[in-house]
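The values are calculated or read from the model by the stated rules, or taken from the named source; none is laboratory data. Values in this document were obtained by computation on a predicted structure and should not be read as measured data. We place every Cβ from the backbone using ideal geometry, glycine too, and count neighbours over all the protein chains shown. Areas reflect the complete protein model, heavy atoms only, side chains present, ligands, DNA and RNA absent. Shrake-Rupley method; radii C 1.70, N 1.55, O 1.52, S 1.80 Å.
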Amino acid sequence: KAPLVVFLHGSGQSHDYVAHANDPSADSLGPLLANQGGVTWVENAPEAAYVLVPQVPARDTKDAQGELGWRSADTQKLLLTLVDKLIAENPGIDTSRLYLTGLSLGAMGSWKIITHPDPAISRKFAAAALFAGVTTMKVFAPVAGETPAQKQARQVDDVKSIDLSRVSIPLWLGHANTDPVVNRVGARVPFVQLTGKGDVDPAGEMTVAA
């Protein structure tokens with residue numbers, strides 16, 4: 001049997017529900033091609049794999065908890081149902097090797113899955129590779145009069161406040177130091193929290209103990 005890789009795209013590849021309100025398939029190639037997040041598993045994977053590249057139906061629609069994009073309750077339900085449907089229709093999928101990977105908004109949605117209180121969801125995937133993500137959308141909330149240093153310190157605290165005790169699968173975290181959109185502490189803080197090998201200071205600098 002072959003593994004299944006699920007790639008969750010970033011914000012920019014979400015369905016344009018304004019321009020294509022009545023045609024959900026109109027811009028569906030964006031998630032597949034823009035960042036090669038799905039294509040690379042077809043072209044470069046060390047073995048044959050099933051690859052699923054879904055698309056967020058409505059990026060900016062918030063749920064009752066204020067979550068949006070891949071993190072909204074409705075979209076998470078749709079996503080997990082789609083995965084189950086794909087498994088049911090393809091008996092060649094090795095259900096012990098379901099892998100989750102996401103970029104930016106997709107990584108944020110992935111964090112929501114692997115920290116879910118229901119272990120059937122948080123442990124659904126055998127491992128995850130998350131890039132340019134963050135564990136909470138609180139970091140994007142504007143605060144009036146905040147200096148850059150204060151914003152940085154607040155974002156560090158926001159990410160540190162998230163309970164990662166439910167994370168029980170192997171992770172590969174990646175984040176560019178120069179990311180202008182998602183703060184690099186989105187990967188740095190979870191790394192030190194999950195490994196216990198260091199800390200991230202209020203300026204976002206990471207120290208790692210041997």
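Data overview
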{"quantity": "Whole-Å semi-axes of the range 129-201's equivalent ellipsoid (Cα gyration tensor)", "calculated": "21, 13, 11"}
{"quantity": "Of all accessible heavy-atom area on the range 1-114, the percent that carbon and sulfur account for (1.4 Å)", "calculated": "55"}
{"quantity": "D163 paired with L78, simple spin-label distance in nm, labels 7 Å along Cα-to-beta-carbon", "calculated": "2.9"}
{"quantity": "Taking the chain and dividing mean pair separation by its residue count, relative contact order in percent (alpha carbons under 8 Å, at least six apart)", "calculated": "19"}
{"quantity": "Nearest 10 degrees, 0 to 90: helix 185-195 Cα axis against the chain principal axis", "calculated": "90"}
{"quantity": "Rounded to whole Hz, the Karplus (6.51, -1.76, 1.60) HN-Hα couplings of the range 121-134, x for glycine and proline", "calculated": "9, 5, 10, 5, 9, 6, 6, 9, 10, 10, 10, 6, x, 7"}
{"quantity": "Share, in percent, of DSSP beta bridges within the chain that are antiparallel, nearest 5", "calculated": "15"}
{"quantity": "Eligible aspartates and glutamates near K1 by straight Cα distance, threshold 17 Å, same-chain separation 8 or greater", "calculated": "E47, D84, E89, D94"}
{"quantity": "In nm, spacing of pseudo-spin labels at K1 and D16 (7 Å Cα→C-beta vector)", "calculated": "4.0"}
{"quantity": "Per-residue ³J(HN,Hα) for the range 31-37, Karplus 6.51 cos²θ - 1.76 cosθ + 1.60, θ = phi - 60°, Hz, x for Gly and Pro", "calculated": "x, 6, 9, 4, 10, 6, x"}
{"quantity": "Pairwise FRET efficiency - V42 versus N177, Cβ, R0 = 41 Å, nearest 0.05", "calculated": "0.85"}
{"quantity": "Radius 13 Å from Cβ of T207, net charge of other residues (Lys, Arg +1; Asp, Glu -1)", "calculated": "-1"}
{"quantity": "When the range 1-76 is reduced to its Cα atoms, the Kirkwood hydrodynamic radius in Å", "calculated": "13.5"}
{"quantity": "Overall dimensions of the chain as given by Cα atoms, namely Rg and Dmax in Å", "calculated": "17.4, 56"}
